[in-house]
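What follows is a set of notes on a single structure, which appears directly below.
The values are calculated or read from the model by the stated rules, or taken from the named source; none is laboratory data. Note that the coordinates shown come from a computational prediction; the quantities given were computed from them, not determined experimentally. Glycine gets a Cβ as well: all are built from the backbone with ideal geometry, and neighbour counts include every protein chain shown.
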Amino acid sequence: MGADALVGRTLGHHLVLDRIGAGGMGVVYRARDTRLDRVVALKVLSCGALADEGRRRRFVQEARAASALNHPNIVTIHEISTDEGVDFIAMEHVAGGTLADRIAHTHLPLNEALRLAVEIASALGAAHAAGIVHRDLKPSNILLTPDGHAKLVDFGLAKLCAPTESGADTVEALTATGTIVGTPAYVSPEQATGGAVDARSDIFSFGCVLYEMLSGHRAFAGDSAVSIVTSVLRDTPAPVPGLPSPVQRIIERCLRKVPDERYQTVASLQGDLDSSLRAGAGEPAASSIAVLPFANLGASKEDDVLCEGLAEEIINALTGIPGLRVIARTSAFVIGRQGLDVREIGLRLGVDTVLEGSVRRAGARVRVAAQLIRSSDAVHVWSERYDREVTDVFALEDEISSAIARRLRGELGGETAARSRYSPDSEAYHAYLEGRYLFARGGPAELLRAKARLEHAVARDPGFALAFDSLAEIYWYLGFFGGMRPRDAFSLSTWHVLRALELDDTLAEAHALLGMLRKELDYNWVEVAREIHRALELNPASPNVRLRRAISELMPLGQLEEAIAEMSRVLESDPLSLFVRWWLACVLWLGRYPDRAAHVARGMIELDPASFFGYWALGLALAGTGALDESVSAMRKACELSGGAPVSVGFLGHVCGHAGRREEALAILGRLQGMGGDTPPFSVALVYIGLGDWDAALEWMDRAIEARDPIIMPIKSFPFLDPIRDDPRFTALLVKMNLA
């Protein structure tokens, strides 16, 4: 049937009026909905994808999710249907043309381009929050209303319709690893190589669109699909002439080849776009900062503690400035030790400014130099030198952060958050800095040494709230990762955090930690939410608060999409944190996204091949994809690197059982049960689950609840528990945890 043969025909209850466009996915018609007497757009699909019932069901689910967004910058889908073999989608009719028409052979004024970019980003952000990735973002899929506003169309259609035509606008099976869907000039490198995609793939495509709006030509070009894809994988687009450097930096970050180096969420991208738009096409306000570890210019290595502690406390103070994105300690210190140029640091971390400094200690005196540097051009915008007594370091941190706040206040309209006026004993404070320094190293031995130094700090100064808070955090780690029996460790953690809050009720992270402990000990979800929300009121920008919300308030209740979004937001401030990435991988696995979880886990291993977290996460993800032998290998590596931590041993036994390695699983079971009173019950349950012994598994899960084994917490979402969800004994476990 010819395309124009549909004109004048009725599809369902839609009278086709005329043809208004066409693309690789189908032909678009203007039609009249005869039931509601309104004009709609009908997209008649050319790929025949709805003929398969399974694909039809998946597409209808995704289309319903997209239509439920009800976003002003997303075209609403009214109906998906078939009439006499013709598959079509009825959607909102937008009277204007496409962005592709608007920018054909020209470019947009900067302010217009940024305004449209903000609208497009807003639409993408809403979709990503609902778990929907566009997969084919390009100018022809962005409609413009008559008054010049953007509306995105065709969410999820690229996933449904693998391209069937060759040429400059489609690409098919260019790699041996899988079929690529999307338009070559706008696909991300991971799409171009047939890999799994997530929201960051849309961010790459967004960068391509923004580049084209501002330059008038495509970021990646060629005379065939293959040459265009080669350019996507190999080339870096030339800077747009005359573009303000902050806007150029936004494009560069979107177009990073490695997903982990792009914006991790659209929310962060939109913040930078908003800042540029408000600046009226001039230099935008500084909206982000990385505080690098201060250089030790003294002769003693012991002063490394002072250098890192000074930088960490400045980071903590700066998180209280409204509108300022502050890179967390982990990522700032990792990147700061690599000796990179400040411009590269700005690109890697996506920040406008970098604070660096040095410390020289001589006896009881300390000299601190600090410089605030603009990352776009390495210009020093502020610097100061301080000579103080060592006992004045605590006050010096506030002085430096306040000076930075004054420098940025005109643009951001804020000061640092009010901090406790309590000045600790100098010896206690130094012990506290030593404890934090050791804690950051993360190994079992360092954790115990950190605990000893913090215990000395609170013994020396019983009014030192921050030291009590850090001790509480250490006890939580010991309970979670096996250094102590969970119930004992969490009880001690609770005592210390309550003492910290008794001394200073404004400690946001302490409230968030108390929320985590209400989860671990009490399964009191009302109190969890109350403490987490109090923490958010005190410091909504804190990465720790956000992470603790995701793993305490959202994950146990099965609110996994929101937990994923929250963790992705945390990664904006802490992109190099293995701990945050591990949690993200775990929640992606719980949410039945094993491929995405494996991608995150492999990125962790690239960052640190000696971290057991990465191999543990990879083992979970590979089990979810069905690659059981590879899963066993990854879990075995995790056990080796963790020194045989019981939780990693339990998961190894679990995947061995699933892989049919019964003898190995039974040997691991004996090893765990031979630990006597220190046997981690849920680790034992994991092995029984792998072996298919549900009676024993349920008994040990019950013991895990009684022992407050923290690994059982996502019981509502574990994929391997699906076979027993209707078992009354499983329901009884949920009742015990107040999750029924």
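Tally the residues that are in a helix (DSSP H, G or I) and either assigned by TED's automatic domain parsing to the domain that holds Tyr477 or among the small types (Gly, Ala, Ser) (or both), restricting the search to region 605-625.
Adding up the residues that qualify gives 6.
Identify, from the list Ile228, Ile203, the residue that is over 17 Å from Ile250 (Cα atoms), assigned to a helix (DSSP H, G or I) and of a type in the set (A, V, I, L, M). First the steps, then the outcome.
Values: Ile203 fails: over 17 Å from Ile250 (Cα atoms).
None of the other options fit; the residue is Ile228.
Has region 446-457 got at least one residue that is in contact with a strand residue (DSSP E or B) (Cβ under 9 Å, 6 or more places away or on another chain) and at pLDDT below 90?
Looking for residues that are in contact with a strand residue (DSSP E or B) (Cβ under 9 Å, 6 or more places away or on another chain) and at pLDDT below 90, one finds none in region 446-457, hence no.
In region 377-397, what residues are assigned to a helix (DSSP H, G or I) and either of a type in the set (A, V, I, L, M, F, W, C) or in contact (Cβ under 8 Å) with a residue 40 or more places away in the chain (or both)?
As a first pass, look at region 377-397 and keep what is assigned to a helix (DSSP H, G or I): 390-397.
Across region 377-397, the qualifying residues are Val390, Val393, Phe394, Ala395, Leu396, Glu397.
Give Glu531, Glu561, Glu527 a once-over and let me know the one that is touching a His at 6+ places or on another chain (Cβ under 6 Å) and in a helix (DSSP H, G or I).
Glu531
Count, please, the residues in region 128-143 that happen to be at pLDDT below 85 and crowded, with 23+ Cβ neighbours inside 10 Å.
1
Only one residue in Leu492, Leu513, Leu517, Leu498 is surrounded by fewer than 17 Cβ atoms within 10 Å (Cβ to Cβ), part of a helix (DSSP H, G or I), among the hydrophobic types (A, V, I, L, M, F, W, C) and modelled with pLDDT of 95 or more. Which one?
Of the residues listed, the single one that is surrounded by fewer than 17 Cβ atoms within 10 Å (Cβ to Cβ), part of a helix (DSSP H, G or I), among the hydrophobic types (A, V, I, L, M, F, W, C) and modelled with pLDDT of 95 or more is Leu498.
Do we find that Leu233 is surrounded by 22 or more Cβ atoms within 10 Å (Cβ to Cβ), more than 30 Å from Glu427 (Cβ to Cβ) and touching a helix residue (DSSP H, G or I) at 6+ places or on another chain (Cβ under 6 Å) in this structure?
It is false that Leu233 is surrounded by 22 or more Cβ atoms within 10 Å (Cβ to Cβ), more than 30 Å from Glu427 (Cβ to Cβ) and touching a helix residue (DSSP H, G or I) at 6+ places or on another chain (Cβ under 6 Å).
Restricted to region 256-275, and to residues that are assigned to a loop (DSSP other than H, G, I, E, B) and hydroxyl-bearing (Ser, Thr, Tyr), which residue is nearest to Leu124 (Cα to Cα)?
Quick first cut of region 256-275, residues assigned to a loop (DSSP other than H, G, I, E, B) only: 256-258, 262-265.
Next, only the ones that are hydroxyl-bearing (Ser, Thr, Tyr) stay: 263, 265.
On the way: Tyr263: 13, Thr265: 10 Å.
My answer is Thr265.
What are the pairs, 6+ residues apart or on separate chains, where a residue within region 65-92 that is within 15 Å of Val39 (Cβ to Cβ) and of a type outside the set (A, V, I, L, M, F, W, C) has its Cβ under 6 Å from a residue that is at pLDDT 80 or above and part of a loop (DSSP other than H, G, I, E, B)?
Glu92/Val75; Glu92/Thr76
Test each condition in (1) in a loop (DSSP other than H, G, I, E, B); (2) of a type in the set (A, V, I, L, M); (3) free of Cβ contacts under 8 Å to residues at least 40 places away in the same chain for Ile315 and report the one that comes out false.
Exception for Ile315: condition (1).
Of the residues that sit in region 103-113 and are in a helix (DSSP H, G or I) and modelled with pLDDT under 90, which one is nearest to Ser275 (Cα to Cα)? Reasoning before the result, please.
The first filter runs over region 103-113 and keeps only residues in a helix (DSSP H, G or I), leaving 110-113.
Filter once more, keeping what is modelled with pLDDT under 90: 110-112.
Numbers: Leu110: 13, Asn111: 12, Glu112: 14 Å.
Result: Asn111.
Quick check: is even one residue across region 348-356 surrounded by fewer than 18 Cβ atoms within 10 Å (Cβ to Cβ), acidic (Asp, Glu) and not in a loop (DSSP other than H, G, I, E, B)? Let's see the steps before the verdict.
Filtering region 348-356 down to residues surrounded by fewer than 18 Cβ atoms within 10 Å (Cβ to Cβ) leaves none.
No; the residues of region 348-356 include none that is surrounded by fewer than 18 Cβ atoms within 10 Å (Cβ to Cβ), acidic (Asp, Glu) and not in a loop (DSSP other than H, G, I, E, B).
Name the residue that is modelled with the lowest pLDDT, counting only residues in region 144-181 that are in contact with a helix residue (DSSP H, G or I) (Cβ under 7 Å, 6 or more places away or on another chain), closer than 26 Å to Gln270 by Cβ and crowded, with 19+ Cβ neighbours inside 10 Å.
Across region 144-181, the extreme among qualifying residues is Val181.
One line per residue, one yes/no per condition, for (1) surrounded by fewer than 22 Cβ atoms within 10 Å (Cβ to Cβ); (2) over 17 Å from Ala196 (Cα atoms):
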position: Gly591; (1), (2): yes, no
position: Ala598; (1), (2): no, no
position: Gly603; (1), (2): yes, no
position: Glu606; (1), (2): yes, yes
position: Gly614; (1), (2): no, yes
position: Gly626; (1), (2): yes, no
position: Glu630; (1), (2): yes, yes
position: Arg636; (1), (2): yes, yes
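Considering region 271-307 alone, what residues qualify as being modelled with pLDDT of 80 or more, within 22 Å of Ala405 (Cβ to Cβ) and surrounded by fewer than 18 Cβ atoms within 10 Å (Cβ to Cβ)?
None - no residue of region 271-307 is modelled with pLDDT of 80 or more, within 22 Å of Ala405 (Cβ to Cβ) and surrounded by fewer than 18 Cβ atoms within 10 Å (Cβ to Cβ), so the list stays empty.
Consider region 206-221. How many of its residues are in a helix (DSSP H, G or I) and of a type in the set (Phe, Trp, Tyr)?
Our first condition is that a residue be in a helix (DSSP H, G or I); within region 206-221, this holds for 206-215.
Adding the requirement that they be of a type in the set (Phe, Trp, Tyr) leaves 206, 211.
Of the residues in that region, 2 qualify.
Kindly indicate whether any position in region 523-546 is crowded, with 24+ Cβ neighbours inside 10 Å, β-branched (Val, Ile, Thr) and modelled with pLDDT under 90.
no
Here are some residues: Arg546, Arg596. Which one is assigned by TED's automatic domain parsing to the domain that holds Asp488 and either part of a loop (DSSP other than H, G, I, E, B) or within 24 Å of Val258 (Cβ to Cβ) (or both)?
From the options Arg546, Arg596, the qualifying one is Arg546.
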